[in-house]
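The values are calculated or read from the model by the stated rules, or taken from the named source; none is laboratory data. The shown structure was predicted, so the numbers you read here are calculated from the model rather than taken from an experiment. As a convention, Cβ positions derive from the backbone with ideal geometry for all residues, glycine included, and neighbour counts pool all protein chains shown.
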Amino acid sequence: MTVSVVLFTNDLRLHDHPPLRAALGGDRQVVPLFVRDRAIEKAGFAVPNRSAFLADCLRDLDEGLRARGGRLIVRSGDVVRQTCAVAAEAGADEVHMAGEHTRYARHREDRLRAALEADGRRLYVHDGVVTAVEPGALTPAGSDHFAVFTPYFRRWNDHRPHEPLTAPRRVPVPDTVSSEPVPARSEVTGTSPALAAGGEKEGRKRLTAWLRGAATAYDTRHDDLAGDATSRLSPHLHFGTLSAAEAVHRARRAGGPGAEAFVRQVCWRDFHRQVLAARPACADRDYRTRHDQWRTDETAADDIEAWKQGMTGYPIVDAAMRQLAHEGWMHNRGRLLTASFLAKTLYVDWRIGARHFLSLLVDGDIANNQLNWQWVAGTGTDSRPNRVLNPVIQGKRYDPDGAYVRRWVPELAGVEGPAIHEPWKLPPGRRPRQDYPDPIVDLAEGLARFRRARDLDRDRGGDGGRSRDPDPDRDREPARE
Ligand SMILES: Cc1cc2nc3c(=O)[nH]c(=O)nc-3n(C[C@H](O)[C@H](O)[C@H](O)COP(=O)(O)OP(=O)(O)OC[C@H]3O[C@@H](n4cnc5c(N)ncnc54)[C@H](O)[C@@H]3O)c2cc1C
């Protein structure tokens, strides 16, 4: 019998898995392989929260394969060397994997193709595994990618992703290939206390429950911080325990304004990926430079630390940063307002914030994280790059009763209603416990510093005065254009 290797990366599922389907074609045996990539570990990307979630995913994938007569083969080391070694051990003539678009993934693919070809084997790279619509499949006239979301969404929405594939009934795996033990979540230390569980079963269960329940009100409730009314599917989409194409198909079938709004958000994921695919350097370089001279003084270091610890004195910022530490996840509205606070109000380099997010986020993803950070910092694709979110207004708008702040900032638990967003204004008897800090920055001063740094107050400045913004907080929908 002929044998194929399927190299799993961030597509840890059996449903809707084109590489697995192709590898099984013509009655072949398959070696389902996952390599614990030392390069990713060395680069510091394999942080505890994602490692623990990954362990759940691998365990679940192994169980799913065993239920189909197979098993997962796990190896550690250099992904190219390990894949070639496994292919040689199994006598496989082809390797299948999902296409990915970061600089690292492309380099990995090129190295793997060259190494396999040198051994007389072939690499097949499959589209439409990681995204609903492949980066580069849609382009505007005269460019290799869309730089503005709305026209991208229009085209994307007309383009149907492939019909989701069912999971194979049987996955015959040759007995001759050995595996390291599948890692267990319990082996990972230093995780956030309330980290979500990973795995395909969990992801599918969550999607089904979501579409039957809260999705119906997503269009009106997605920004309700206390209501926690978003899907929380992001880690499943990141690790590929859920196919983006399948999520889109099922949401469209469910129908209604809530499901439509959800599909639009999934499009943001594809949008950022197609930007990164066209401009891989944007993982750490400005997509559009604003010639920022970010703060590097000692007070900046103190501000960064206060921001990371959730001790800025701005309750909504602190609540969101503490949610991140506790869950390894943060609500989108929280991500927007904490990122704006760091990059604009404190005028700290977005890369510092992005790195901190990546050290904790279970869904931490180069395309989504770096390009959303750039979007907020105004160095990315936002058409209003100089808007600054005011954390008091954001708090009152998206946590009107203060329930989200009370949940995450126990020092303020005794403060009722919207007054919680400005604890410094409370009469002395109602002030928070002394361990809650005063604001680390005056908002007007922070805004003035940012405007000076971006040279926004020059009369009819370099941009013809267009970036003057009388109400920098007026846009209610920053991530939704
Ligand atoms: C500064 C910043 C950093 C971010 N970092 C990440 C990250 O590392 N990984 C990540 O997956 N998302 C990131 N996001 C996007 C977004 O905040 C999360 O995807 C979302 O909060 C996840 O929660 P959910 O699954 O409940 O989302 P839902 O609101 O239920 O949305 C459904 C899905 O759509 C996608 N999505 C939603 N909003 C966005 C968006 N703005 N950009 C891209 N995709 C989106 C996600 O895959 C999400 O799971 C970031 C946003 C900001 C502002």
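Select the helices (runs of 4 or more DSSP H) contained entirely in segment 1-74, then report the ones holding at least 3 residues which are touching a residue at least 60 places away in the same chain (Cβ under 8 Å).
Counting at least 3 such residues, we get 18-24, 48-66.
Any idea which of GLU305, GLU298, GLU327 is under 21 Å from ASN49 (Cβ atoms) and over 20 Å from the mean Cα position of the chain (by Cα)?
Within the list GLU305, GLU298, GLU327, the selection yields GLU305.
So, TRP329, is that one over 29 Å from PRO410 (Cβ atoms) and out of contact with any Gly (no Cβ under 8 Å at 6 or more places or on another chain) or not?
Taking the combined requirement at face value, the residue does not satisfy it.
Just one of THR241, THR208 is more than 10 Å from the ligand (Cβ to nearest atom) and without any contact (Cβ under 8 Å) to a residue 60 or more places away in the chain; which is it?
Being more than 10 Å from the ligand (Cβ to nearest atom) and without any contact (Cβ under 8 Å) to a residue 60 or more places away in the chain holds for just one of THR241, THR208, which is THR208.
Test ALA339 against the criterion of being closer than 27 Å to PHE146 by Cα and crowded, with 20+ Cβ neighbours inside 10 Å, and give yes or no.
So ALA339 fits the description; yes.
Which number in (1) in a helix (DSSP H, G or I); (2) closer than 30 Å to LEU346 by Cβ; (3) among the acidic types (Asp, Glu) marks the one condition that GLU260 misses?
With respect to (1) in a helix (DSSP H, G or I); (2) closer than 30 Å to LEU346 by Cβ; (3) among the acidic types (Asp, Glu), GLU260 is out only on (2).
State yes or no: is GLU180 more than 14 Å from the ligand (Cβ to nearest atom), touching a residue at least 24 places away in the same chain (Cβ under 8 Å), surrounded by 22 or more Cβ atoms within 10 Å (Cβ to Cβ) and not β-branched (Val, Ile, Thr)?
Judged against the criteria, GLU180 is not a match.
Assess whether GLU327 counts as being more than 13 Å from ARG407 (Cβ to Cβ), among the acidic types (Asp, Glu) and assigned by TED's automatic domain parsing to the domain that holds GLN370.
When the stated conditions are applied, GLU327 does not pass them.
Residues in segment 359-372: is at least one buried (at least 21 other Cβ atoms within 10 Å of the Cβ), of a type in the set (Gly, Ala, Ser) and within 9 Å of the ligand (Cβ to nearest atom)? So that I can check it myself, show each step before the final result.
Let us first name the residues in segment 359-372 that are buried (at least 21 other Cβ atoms within 10 Å of the Cβ), namely 360-372.
This time we only want the ones that are of a type in the set (Gly, Ala, Ser), so: 364, 367.
Among the residues that remain, those that are also within 9 Å of the ligand (Cβ to nearest atom) are: 364, 367.
Yes, segment 359-372 has at least one match.
What is the residue count in segment 222-234 for residues that are more than 16 Å from VAL248 (Cα to Cα) and within 10 Å of the ligand (Cβ to nearest atom)?
Count: 4.
State which residue pairs qualify: first residue modelled with pLDDT of 95 or more and inside segment 310-335, second residue of a type in the set (Phe, Trp, Tyr) and within 12 Å of the ligand (Cβ to nearest atom) in any location, beta carbons under 6 Å apart, and separation of 6 or more residues or different chains.
These pairs meet every condition: VAL317/PHE341.
State all residues of segment 85-111 that are in a helix (DSSP H, G or I) and buried (at least 21 other Cβ atoms within 10 Å of the Cβ); if no residue qualifies, say none.
VAL86, ALA87, ARG108
Can you tell me which of ARG121, ARG71 is modelled with pLDDT of 95 or more and within 30 Å of ALA184 (Cβ to Cβ)?
ARG71
Which residue pairs have Cβ atoms under 9 Å apart, sit 6 or more places apart or on different chains, and have a first residue in segment 363-391 that is closer than 19 Å to HIS236 by Cα and a second that is of a type in the set (Asp, Glu)?
Filtered contacts from segment 363-391: ASN369/ASP363; GLN370/ASP284.
Is segment 296-306 home to any residue that is within 16 Å of the ligand (Cβ to nearest atom) and surrounded by 20 or more Cβ atoms within 10 Å (Cβ to Cβ)?
No, because not a single residue in segment 296-306 is within 16 Å of the ligand (Cβ to nearest atom) and surrounded by 20 or more Cβ atoms within 10 Å (Cβ to Cβ).
Every residue in segment 264-293 that is of a type in the set (A, V, I, L, M, F, W, C) and within 9 Å of the ligand (Cβ to nearest atom), please.
VAL266, CYS267, TRP268, PHE271
Select from segment 328-348 the residues that are in a helix (DSSP H, G or I) and not hydrophobic (A, V, I, L, M, F, W, C) and write down the one among them that is farthest from the ligand (Cβ to nearest atom).
Kept after step one, since they are in a helix (DSSP H, G or I), are these residues of segment 328-348: 332-345.
Narrowing further to those that are not hydrophobic (A, V, I, L, M, F, W, C): 332-335, 338, 340, 344-345.
On the way: ASN332: 3, ARG333: 8, GLY334: 8, ARG335: 4, THR338: 7, SER340: 9, LYS344: 12, THR345: 14 Å.
Among them, the one singled out is THR345.
So SER4 passes all but one of these: (1) surrounded by fewer than 24 Cβ atoms within 10 Å (Cβ to Cβ); (2) modelled with pLDDT of 95 or more. Which condition number does it fail?
Answer for SER4: the failing condition is (1).
Name every residue in segment 237-257 that is assigned to a loop (DSSP other than H, G, I, E, B) and more than 19 Å from ASP56 (Cβ to Cβ), in order of residue number.
Filtering segment 237-257 for residues assigned to a loop (DSSP other than H, G, I, E, B) gives 240-243, 255-256.
If the condition is that a residue be assigned to a loop (DSSP other than H, G, I, E, B) and more than 19 Å from ASP56 (Cβ to Cβ), then GLY255, GLY256 are the ones that fit.
Only one of these conditions is not met by GLY310: (1) away from the ligand (no atom under 14 Å from the Cβ); (2) in contact with a Ser or Thr (Cβ under 8 Å, 6 or more places away or on another chain); (3) of a type in the set (Gly, Ala, Ser). Which number is it?
(2)
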